[in-house]
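In what follows, a structure is listed as structure tokens, so that the remarks can point back to it.
Nothing in this text is a laboratory measurement; each read-out follows from the coordinates by a stated rule. The structure displayed is predicted, hence computed values, not measured ones. Note: ideal-geometry Cβ built from the backbone for every residue, glycine included; neighbour counts use all protein chains shown.
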Amino acid sequence: MEGTILTTKDLFVYYDTKCAVNNVNIEFQKNKITAIMGPSGCGKTTLLRCLNRIHELNPSAKVEGKILLHGEDLLAIDPILVRRKVGMVFQRPNPFPTMSIYDNVISGYKLNGIRLKKSEFDEIVEDSLKKAALWKEVQHDLHKRGTFLSGGQQQRLCIARALAMKPDVLLLDEPTSALDPISTSHIEELLVELKKTVTIIIVTHNLAQAGRISDYTSFMYLGELVEFGATDKVFTNPQNEQTERFLTGKFG
Amino acid sequence: MKDFSIKWRIIKNNIFKISIIGISLISIIPLFLILFFIFQKGIASINLNFFIAGTKPTGEIGGGIANALIGTVILVLIAFAIAVPFGVITGIYLSDNKKSKLASWVRWAVELIQGVPSIVLGLIGYAWLVLPLSKLTGGKISFSALAGGLTLSIMMLPSIIKSTEETLKLIPHSLKESALALGVPYYKTMLFVILPAGLSGIITGILLGVARIAGETAPLLFTAFGNYYMNVNILKPIDSMPLLIFNYATSPYEDLHNIAWGASFVLVSFVLLLNIFARLVVKRWKVQF
């Protein structure tokens, strides 16, 4: 398909012997927002975590199949390189507590030993914070600790931190589930704006959120991908019975 | 009847409250008595000369603790330089590998070292460091500050390892994940993200470790040995505060007893200050997540 950036081929993930992701084939479209939904324990977070190989932190997780980024199997590349191309934002905002806002944004460079001129760092910080819609609020406090921000601001700081590495794909694991409604709507607006420059894959429990911001929706159930398609189609006319029951609140 | 039972309950409750406060007060009395006694006995010997003068030959009045003071500083520095890197790195390993076999062996070993009497560690230092070195160099090097420092470093390890492990365990897992998700290698994640976030707890552990070894006598008896003369060569026997106290207090001379009291006062003050400082570090440098 034209515009595919990330593809999983016959993807299986096991925790010891338990199968968490069962034969998932999915094509993520470039510069679109794809939502992954499903009831708790359906494997959606596991799937997401495979996409930048952060699942490897759990030694019992085993992956079979292929994940192609720009046609290249990212399971065969060094995970450190994969993670620079595929950024991730987590459920709870987690700016680095010992660093200032400024240092948080460029932490990906500093910690990787990438040396740039001060002016280039300044530019990256301003650019990333603007993209994350946080610049106006923090531009005078760049050298204060990131942990003094509100939860929503912290989460946007984490998005800025991920964006600073200029990733091709941004993974978000229920990024608004720990936030209040106003912060949530800030982040939703931000994501819609961001898809111009980066492909977004978001795991969410919030059906309305998926409906509001995503272009494509996938629905997982018991580790299998049971439905994948354009969001308006999946929401109005789901092909799978389980999806329909989930969308109408009968389970999940 | 009902009235009576409620009253009785309140009385029982008050008896309990009073007794826990009372017993707590009683249990700190010895501490304050010790501090008071050492202060009273020791303060008289303290003057500038006490800190800068070395030991005088027996029979001469005066003299100070300079050689012991310098000796203790050197011993603590050697122990510190060895125990801190080993302890912190082992702590990192334990916090990160909760279930591995090696980790459980290491934890077990740490508990064991903590339980070994310090005199036994001193003997081990003698058998493993002093004797082989002496044999190797034909007796040129036998008792030495190096052997003393190494022995003390073993005593210091458990407190550093445990505090590092416990502190790092409390740091949210997501912090590590988010650093790794930026493509940061594991070692940089641990050294520049996780370790700074737990610094206050680790420093506290180190300070308490120093406080513990600064007053140790037994491990030094067979290793650093003690020295009545000023020495800064780490391959030579060296004096330390607790050794000086031990030697002087068991001597028959009144003025040496007084120096021992003065040295006790200095040592106790040092340990006390270190403990207070450790508490301040926890408060001040506490990282918020």
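Listing for the model above:
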read-out: Three-way shape label, chain B, alpha-carbon gyration tensor, a/c 1.5; value: oblate
read-out: Residue exposure sequence - A:Lys118, A:Lys66 - by fewest surrounding Cβ within 10 Å; value: A:Lys118, A:Lys66
read-out: Longest exposed-site-free window of chain B, the sites being trypsin sites (Lys or Arg not before Pro) in a DSSP loop that have at most 11 other C-beta atoms within 10 Å; value: B:141-285
read-out: Residue mean of other protein chain beta carbons inside 10 Å, B:196-203; value: 1
read-out: Long-range HN-HN contacts of A:Glu224 with modeled amide H, under 5 Å; value: A:Asn22
read-out: GNM result for chain B, Cα springs below 10 Å: residue of B:Pro85, B:Pro185, B:Pro132 fluctuating most strongly; value: B:Pro185
read-out: Nonlocal amide H pairs with B:Lys56, under 5 Å, H built at 1.01 Å; value: B:Gly64
read-out: Cα gyration tensor category, rounded, prolate or oblate, for chain A with a/c compared to 1.5; value: prolate
read-out: Positive-end extreme of charge dipole, chain B - chosen from B:Gly125, B:Leu94, B:Trp8 (charges on Cβ); value: B:Trp8
read-out: Amide hydrogen neighbours beyond the local backbone of A:Ile26, cut-off 5 Å, H modeled; value: A:Thr8
read-out: 10 Å Cβ neighbours from other chains, averaged over peptide A:175-188; value: 0
read-out: Residue-by-residue Karplus 3J(HN,Hα) for region A:81-86, coefficients 6.51, -1.76, 1.60, Hz, glycine and proline x; value: 5, 4, 6, 6, 8, 10
read-out: Residues A:His70, A:His55, A:His140, sorted so that the one with the fewest Cβ neighbours within 10 Å comes first; value: A:His140, A:His70, A:His55
read-out: Phi to ³J(HN,Hα) by Karplus 6.51 cos²θ - 1.76 cosθ + 1.60 over region A:46-52, Hz, x for Gly, Pro; value: 4, 4, 4, 5, 5, 5, 10
read-out: Helix axis angle, A:151-164 relative to chain A longest principal axis, alpha carbon, degrees; value: 90 degrees
read-out: Extension reserve of the B:Lys56-B:Leu273 stretch, reckoned as 0.36 nm per residue once the Cα distance is removed; value: 75.2 nm
read-out: Exposure proxy order (Cβ contacts within 10 Å, fewest to most) of A:Asp10, A:Asp16; value: A:Asp16, A:Asp10
read-out: Peptide B:165-178 - average C-beta neighbours from other chains (10 Å radius); value: 3
read-out: Cα centroid separation - region B:231-289 against region A:184-209, whole Å; value: 61 Å
read-out: FRET efficiency, B:Trp108 to B:His173 (Cβ-Cβ, R0 25 Å, nearest 0.05); value: 0.50
